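S.K.: The structure is given below, and queries will be raised subsequently.
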Amino acid sequence: MSKFDFDLPIDRSSAPHDDSMKWGRYLGRHANGNAILPMWVADMDFAAPTPVLAALNDRLGHGVFGYPRVTPQVRDAVLLHLARDLHWQVDPDWLVWLPGLVTGLNVACRAVGEIGDGVVTAVPIYPPFMSAPRLSDRQLHTVPLTLQDDRPVWDLAALEALADSPAGQRIRLLMLCNPHNPIGRVWQEDELRALAGIAERHGWVICSDDIHCELVLDKTLRYTPLARLDPDIARRTMTLLAPSKTYNIPGLGAAFAVIPDAALRGRFERAMAGIVPHINVLGYTAMAAAYREGVPWRNALLDYLRVNRDLLVAGLGKCPALRVSSPEATYLAWIDARGLNLPDGQTAARFFESEGVGLSPGEDYMPGARDHVRLNFGCTRQTLEEAIYRMAKACG
Ligand SMILES: Cc1ncc(COP(=O)(O)O)c(C=O)c1O
């Protein structure tokens with residue numbers, strides 16, 4: 001039996017612990033007489049690992065919260081993580097500290113090319129991949145992921161066709177999500193090399209958001225950092241990473257970019273200058289403790305999430321109206337609810353919300369995907385089983 005209790009329910013909706021965005025959306029809202037279960041934004045309902053809590057308590061006890069510096073302990077913990085978990089030898093000079101990955105996505109868009117240049121990504125995708133180019137006065141281009149042997153893959157032919165088209169001439173940046181949110185793919189080396197090849201042929205920079213990289217659920221697969229593949233690829237790549245998803249500390253705002261090329265790194269830092277704040281002292285503390293001491297907790301978490309994923313896929317698999325493919329990584333499942341044949345104007349997210357399950361709407365991830373939803377199964381088994389029950393009942 002695991003010494004970590006992921007079954008323990010932790011109240012996130014009553015004062016003074018009612019500051020959760022995920023639970024706050026549904027405070028006081030009911031469906032069929034039940035409180036709506038929040039299964040949308042990507043944080044988990046578990047307490048962070050004990051060593052992280054101990055390090056934070058210790059830091060709080062010190063009592064002084066002045067401007068932080070990056071200590072050798074923090075830097076070494078990050079380098080340890082990169083070498084031990086990602087098998088990636090990173091020069092400390094390549095690190096750029098960030099208060100979050102969404103910040104990193106927006107900075108990356110501003111750091112590459114000029115106003116009016118293009119950014120390309122594959123949909124469905126985590127919404128800031130689509131908002132960051134627009135907010136940075138860049139032109140957004142998307143290619144839909146396509147199915148190959150029932151498995152979503154990048155449509156390389158469509159990407160090449162876009163790159164060669166007049167509209168694609170101004171693309172300067174490719175944004176990759178590895179593992180991919182929301183479809184949970186762990187991109188394999190041949191797929192990454194193919195994408196990097198296209199980027200190289202067209203002179204694109206790549207921004208790879210690898211925030212979910214430690215959450216690989218499929219034991220036959222391994223996550224590969226794109227920039228580890230070879231030095232030429234590394235030179236055009238900015239990789240965004242954080243302990244936040246894995247160790248459930250996203251509210252502490254601690255992340256970093258790995259940018260091996262000095263000129264590209266300089267442009268990234270220039271785009272941050274004067275706007276992007278430091279990581280706060282507690283974020284640094286939690287990041288270092290998570291990477292140094294969190295691995296046993298993380299491994300137990302992965303086992304728990306694997307069972308959750310399998311329950312979800314089996315439970316919803318019994319509903320002919322739903323298609324849910326088993327995510328290779330992340331605690332997020334992309335659900336195709338087209339079989340519900342919802343009337344015009346109705347969305348799958350609203351349908352399930354009215355049945356007591358609060359999911360992320362598909363349109364946020366891909367224009368027009370109103371009959372898809374994303375479900376966050378980073379929750380206790382009890383919550384998940386209740387959600388599966390409600391969804392299956394709603395589907396009849
Ligand atoms: C792919 C991806 N990138 C970034 C984020 C958010 O990162 P941050 O909270 O560090 O801004 C998320 C959160 O769900 C995510 O899934």
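The values are calculated or read from the model by the stated rules, or taken from the named source; none is laboratory data. Not measured: the values here are computed from a predicted model. Glycine gets a Cβ as well: all are built from the backbone with ideal geometry, and neighbour counts include every protein chain shown.
S.K.: Any residue at all in the stretch 34-48 that's within 16 Å of the ligand (Cβ to nearest atom), at pLDDT 95 or above and surrounded by fewer than 19 Cβ atoms within 10 Å (Cβ to Cβ)?
M.R.: Within the stretch 34-48, one or more residues are within 16 Å of the ligand (Cβ to nearest atom), at pLDDT 95 or above and surrounded by fewer than 19 Cβ atoms within 10 Å (Cβ to Cβ).
S.K.: Can you spot a residue in the stretch 50-69 that is among the aliphatic types (A, V, I, L, M), without any contact (Cβ under 8 Å) to a residue 60 or more places away in the chain, closer than 27 Å to residue 208 by Cβ and away from the ligand (no atom under 16 Å from the Cβ)?
M.R.: The answer is no; no qualifying residue exists.
Listed here are the residues, each with its yes/no results for (1) assigned by TED's automatic domain parsing to the domain that holds residue 147; (2) crowded, with 17+ Cβ neighbours inside 10 Å; (3) not in a helix (DSSP H, G or I).
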residue: 344; (1), (2), (3): no, no, yes
residue: 350; (1), (2), (3): no, no, no
residue: 367; (1), (2), (3): no, no, yes
residue: 375; (1), (2), (3): no, yes, yes
residue: 378; (1), (2), (3): no, yes, yes
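S.K.: Here's a follow-up. Please enumerate the residues belonging to the stretch 347-363 that are more than 16 Å from the ligand (Cβ to nearest atom) and touching a residue at least 24 places away in the same chain (Cβ under 8 Å).
M.R.: Hits for the stretch 347-363 are 347, 348, 349, 351, 352, 353, 354, 355, 356, 357.
S.K.: Out of everything in the stretch 116-135 that is surrounded by 23 or more Cβ atoms within 10 Å (Cβ to Cβ) and farther than 18 Å from residue 154 by Cα, what residue ends up being nearest to the ligand (Cβ to nearest atom)?
M.R.: Within the stretch 116-135, the match that is nearest to the ligand (Cβ to nearest atom) is 132.
S.K.: On the given criteria, is residue 370 among the charged types (D, E, K, R) and out of contact with any strand residue (DSSP E or B) (no Cβ under 8 Å at 6 or more places or on another chain)?
M.R.: no
S.K.: With the structure loaded, tell me whether residue 243 is touching a residue at least 24 places away in the same chain (Cβ under 8 Å), closer than 17 Å to residue 110 by Cβ and not acidic (Asp, Glu) or whether it fails that test.
M.R.: No; evaluated as a whole, the condition is false for this residue.
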